[in-house]
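Engineer: Quick one: the structure is below, and I'll ask about it shortly.
What follows draws every value from the coordinates through simple rules; no lab data is involved. It should be emphasised that the depicted structure is a prediction, and the values quoted were computed from it without experimental measurement.
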Amino acid sequence: MAGLTSADMKNTGKRVMALDYGARTVGVAVSDELLLTAQPREIIRRERENKLRKTLTRIGELIQEYRVGVIVLGLPLNMDDSAGARAQASCEFQKMLEERFGLPVVLSDERLTTVEADELMSRMDIRGKDRKEYVDMLAANVILQEYLENHREQCREILGRDIPGASAGS
């Protein structure tokens, strides 16, 4: 990301990106420019959990490529609303993303998104080993689609523009 400052990042934003942050993968989904739909993009893989340099570089490239203005990061809370080790890791990753890119990073409850992704893969007839190739990316897609549907006004405020279906008073 040489030459791209956080000020540059702030001025690029037209879309929302969702990340499903895992121990060795990050699933990525990006909205359309109208902020109506989420599209799965890719899974960023790494050898070890704490080796994030290449992961952050790739996220920065995607931010620039898709002109992202907001990042939605899945927060893996436990079913009893408690925050375990993965939720803590996500909060640390949130801070890292905010510091590196200067964009708002919103945490979004991701409980059951993997279940939804599995159901989607079953409907798409994706079986066995192939599921691993898609699950994190599809989970990010579910996180983003739910966020777009439930937080239109927040997106409008953060991105500073009108969004279809988001009224000023909602």
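Engineer: Using the Karplus curve 6.51 cos²θ - 1.76 cosθ + 1.60 with θ = phi - 60°, work out ³J(HN,Hα) for each residue of the stretch 140-149 in order, rounded to whole Hz, and write x for Gly and Pro.
Structural biologist: Calculated HN-Hα couplings, in order: 4, 5, 5, 4, 5, 4, 5, 5, 4, 6 Hz.
Engineer: Apply the Karplus curve 6.51 cos²θ - 1.76 cosθ + 1.60, θ = phi - 60°, to the phi angles in the stretch 74-81 and return the couplings in whole Hz, x for Gly and Pro.
Structural biologist: In residue order, the calculated couplings are x, 10, x, 6, 6, 4, 8, 6 Hz.
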